[in-house]
Structure formats: structure tokens, C-alpha cells
Amino acid sequence: MSKSKVLFILTGSIACYKACQVISRLVQADCEVQVVASPAALQFVGNATFEGLTSKSVISDLYAAGNVMDHIHLMRWADLIIVAPATANYVNKIAQGVGDDLLTTLFLAHDFKKPFLIAPAMNTSMYLHPITQKSIQKLKEIGVEILETASGVLACGETGFGKLLDPDLMQKEIQSRLPNSTTTQESWKSVRAKPGILPEVLFRKSDLLPFRVLVTAGGTMEPIDDVRVISNVSTGETGAKIAELLADFGADVHLLRALNAKASDGRVTQSTFTSFASLQDAMKALLSEREFDLVVHTAAVSDFSVESFELNGRKYAPGEFSKIRSDDKLTIHFKNNPKIVGQIKTESRNPKMKLVAFKLTSKATADERVAAVTKLFTNSKADFVVHNDISEVDKSQQRHTFTLYGKESIVPVENIQALTAELAQNYLKENS
């Protein structure tokens with residue numbers, strides 16, 4: 001069996017040192033690695049390091065003698081291309097079709113017959129800048145795979161998203177896509193999931209385009225004053241885990257989570273909400289801007305928001321009073337919130353989008369559970385409803401059972417992994 005060929009492209013970032021770890025591990029895994037580095041990248045890690053790791057000369061100059069056609073030859077040679085770290089400058093340039101140096105012309109010579117991965121690394125503000133996010137989205141839509149950034153302490157000293165994906169995870173992502181990888185060969189098969197077993201599946205419309213999935217998670221916080229809110233006990237763990245698993249299946253996943261909810265890792269794009277109003281606004285924006293194929297709505301949305309409160313006989317609007325004293329006499333007036341789950345299909349840019357709604361009950365009888373699920377199907381126009389009862393959640397035993405309701409099926413599952421596998425299998429069955 002011939003060696004897998006990896007074209008490893010580096011742009012100018014302090015995170016280049018992490019790429020050295022990935023390159024070393026790929027070589028140890030019997031991959032043939034060719035490094036292409038920008039002049040800026042070589043300011044952080046020198047030629048000698050890359051040559052020592054790969055036993056190949058580093059290619060950096062498009063116009064060097066004998067290298068004029070390298071942007072064509074290298075793209076034909078490689079089984080997989082990865083750009084890590086990828087700066088904001090590089091991401092935005094290639095999204096606009098700019099080809100003014102070796103690294104950008106390599107992208108323009110890509111024929112989309114093999115994986116092209118990009119692992120961004122930049123300051124949080126640069127990563128979350130609307131231009132950068134639009135560029136990332138554009139690249140995803142044409143078939144480029146974005147290995148989403150991690151969250152942590154950045155080189156500038158700030159904390160947030162934009163950190164290069166961990167070398168171990170990056171190596172896993174690369175090797176899973178190589179032609180000689182057992183994982184890759186199995187992944188292209190259709191789903192044959194059994195309860196409790198994750199399917200080996202790339203969740204894709206085609207070889208290059210992944211299904212786009214929006215997952216919501218966590219509970220809303222309805223403000224009273226500047227320091228007090230009314231919320232619920234949702235941790236967002238179910239949604240975060242579903243997002244990670246669907247990303248593992250190959251989907252392009254956006255996790256919209258509560259600010260204090262569990263974050264996801266790996267290749268999942270994330271944004272946050274706080275109150276009912278902010279979740280509603282974020283949902284409308286995402287559903288109108290992106291054409292999602294599937295929405296998994298696990299968020300615990302408050303049925304009520306604070307309309308006003310009376311403090312010592314005087315009425316205030318939420319947030320109008322900075323901090324209520326503990327000895328004040330307080331009366332809170334609530335207003336009903338509309339059901340966000342009932343707005344999702346109406347707001348969706350994709351008329352064929354499928355919706356998975358979640359229903360939590362508390363110590364409900366069998367008849368009460370069926371009635372609650374039936375009502376949710378009717379009001380939300382959901383394609384699937386996932387029911388669980390709080391009495392069946394045992395965190396000490398890591399037990400969390402669900403029942404997945406389809407239009408013509410009811411499937412009990414024992415954990416989040418099995419639930420996600422069933423969702424993927426049923427979705428692909430309906431869209432095959």
C-alpha cells in the first residue's frame with residue numbers, strides 16, 4: 001500500500017509551532033508530507049525544522065527556479081491538503097478568489113476531488129469579525145472543510161475562540177480523511193446504526209458538501225435587575241454532545257448555546273444567547289442567513305419573561321433598576337413568551353429543512369407524555385420529537401433515556417449517542 005500524501009500549508013502565525021507536532025506525527029504514521037510555508041510562517045519556524053521533520057525541502061516561492069508550476073503539480077500530487085495555521089488574511093483572500101502568491105494560487109488550483117482542510121488561528125475579534133465569518137461560510141459552501149477553532153488563552157493574552165485546534169484532534173481529522181484510512185473507507189457507507197452504537201457515516205449531501213445543522217442548547221435567562229435573572233436548570237450538555245457527534249459524522253454544525261451552557265469542542269461553530277429575546281433574534285438571523293438542512297432544538301426556552309416588577313409600590317421595567325435590595329418588597333409581573341419552536345420552519349430559508357423538537361415532562365404518565373408530544377408535533381410542525389422525563393435522568397449513574405417519535409415510529413434509546421445515531425439514520429433515510 002502506497003503512502004498517503006499530505007500537502008501541509010502554513011501561513012504566518014505563532015501557532016506554526018503546533019503544526020510541527022502534527023507534521024511529525026503524520027510522518028511517524030507513514031504519511032509523505034510536503035510543507036509549503038509563506039515567508040511569514042518561516043519567521044516563526046525555520047526551514048531546517050520542517051526539512052528535518054519531512055526529509056523534504058520547504059517550498060515557499062512561486063517564482064523560484066523550477067517551481068513555477070508547483071501550484072498545479074502539488075495539488076495533483078496530494079491526497080489531502082491542509083492549511084494550518086490559517087490566518088484571517090489567508091482565509092479572507094481565498095474566499096474572494098485572490099491568487100497573488102504560492103499559497104493562494106494553490107487553492108485556486110484545487111479541483112475539489114480531494115479533501116481541502118483549513119484550521120484557522122487568529123485573535124477572537126478577527127475570527128468573529130463579520131467579514132471573516134462570511135468568508136468561512138463561503139468556503140464551507142463550496143466544499144472546503146473548516147476545522148473549527150478551540151477556545152482558550154491566545155498568544156495576545158486574551159481568552160476566547162480563535163485558538164488553533166489541538167494537534168491530537170487535528171491529526172485525527174487529517175488521518176480520518178486519507179484514502180488509506182479504514183475510518184474513511186467505512187464512513188462512506190450508508191448508515192446501519194443499532195441502538196447504542198454510533199453509525200460510521202459522513203453526514204453529507206455529496207462527496208464535498210456536508211449537511212448543515214443548527215443545534216440549540218441551554219436555558220434562557222430572563223433579567224429582573226442587573227444581577228438577578230429567572231432561569232432553569234438546563235446545562236446544555238445534551239445539545240453540546242449532539243452537536244459534537246453530528247460533527248463527527250461529517251456535518252457542518254452550528255451550536256447556538258446559552259452563555260453559561262456547556263461549550264462544544266472540535267469542529268463545531270458556536271455562538272451564544274442569554275434571554276428569550278436574544279435567542280429569538282439569533283435564531284431569526286441564522287435561519288435567514290444560512291440554509292440549514294436540519295435544526296435540532298434542545299434549548300430550554302422560558303415560557304415567561306418579566307414584564308415589570310413593583311418595588312416598594314413603584315413599577316419598574318426589567319433592567320431599569322440596577323440592584324434590588326434584600327429588604328425591598330418585590331412583586332414580579334410576567335408575560336407569556338411565544339413558542340420559538342413554532343417559528344423555526346416559518347423563519348427557515350430552506351423550505352425542505354427538517355426539525356427535531358424536544359419535549360421535557362416531569363413525572364408524567366404515559367398518556368400525558370403522548371399528549372404532550374402530539375401537541376408539540378401539531379404546534380411546531382416538527383418532523384421528529386424527542387421526549388424525556390426528568391424522572392428518568394440519573395446523572396449519578398450517567399443514565400439519560402429518550403424516546404424518539406417520528407411520524408410513523410417510536411424508538412426508545414438509552415443515551416445521547418444512541419439518540420444521535422437514530423436521528424442521523426432517520427434523517428438520511430428520509431433524504432436518500
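No lab work stands behind these numbers, since they all come straight from the coordinates. Computed from a prediction, not measured in an experiment: that's the story for all the values here. Note that we place each Cβ from the backbone using ideal geometry, even for glycine, and neighbour counts take in every protein chain shown.
Per-peptide packing, taken as the mean over residues of other Cβ atoms within 10 Å, places 327-336, 417-426, 351-360 in the sequence 417-426, 351-360, 327-336 from highest down.
Straightening the chain between I410 and Q43 buys 126.2 nm, computed as 0.36 nm per residue apart minus the Cα-Cα spacing. For the listed peptides 23-36, 98-111, a ranking on the average number of other beta carbons within 10 Å per residue, highest first, reads 23-36, 98-111.
Could you tell me which of H333, L294, L279 has its Cα farthest along the dipole of the stretch 273-338 towards the positive end, charges placed at Cβ (Lys, Arg +1; Asp, Glu -1), taken about the Cα centre? Of the listed residues, the answer is H333.
Using 0.36 nm per residue and subtracting the Cα-Cα separation, the extra length available between D111 and D226 on full extension is 36.0 nm.
Could you compute the FRET efficiency for E291 and H129, with r as their C-beta to C-beta distance and R0 at 25 Å, rounded to 0.05?
Numbers: r = 22 Å, r/R0 = 0.89.
Given R0 = 25 Å and the Cβ-Cβ separation, E is 0.65.
Under 15 Å from a label point set 7 Å out along the Cα-to-Cβ vector of E392, the amide N atoms of the stretch 350-379 belong to 358-374.
Could you list, in their original order, any pairs among K262/K284; K140/K172; K323/K363 whose Cα atoms are separated by more than 29 Å? Mind dumping the intermediate values first?
Details: K262/K284 22 Å; K140/K172 20 Å; K323/K363 37 Å.
Flagged as over cut-off: K323/K363.
Using a cut-off of 11 Å between beta-carbons, work out the net charge of the residues near E222 (Lys and Arg +1, Asp and Glu -1, E222 not included). Kindly include the intermediate steps, with their values, before the conclusion.
On the way: positive: R228, K335; negative: D303, E307.
Around E222, the surrounding residues sum to 0.
Based on the Kirkwood approach, the hydrodynamic radius assigned to the stretch 326-389 is 14.1 Å, with every pair of different Cα atoms included.
Considering every pair of different Cα atoms, what Kirkwood radius, in Å, is found for the stretch 5-184?
Details: mean 1/r = 0.0616 Å⁻¹.
About 16.2 Å, per the Kirkwood formula over Cα pairs.
With a Förster radius of 56 Å applied to the C-beta separation of W77 and K335, the computed FRET efficiency comes to 0.30.
Subtracting the Cα-Cα distance of N312 and T374 from their residue separation scaled by 0.36 nm leaves 17.9 nm. Taking a straight line from the alpha carbon of K163, these lysines sit under 17 Å away, with near neighbours fewer than eight places off in the same chain left out: K18.
Relative to the compact-globule scaling 2.2 N^0.38 Å, provide the ratio for the alpha-carbon radius of gyration of the stretch 328-432.
Numbers: Rg = 16.4 Å, N = 105, 2.2 N^0.38 = 12.9 Å.
After normalising by residue count via 2.2 N^0.38 Å, the value is 1.27.
Do the alpha carbons of any pairs in K241/K381; K114/K134; K93/K352 sit beyond 31 Å of each other, and which pairs? In this structure, K93/K352 lie more than 31 Å apart at Cα.
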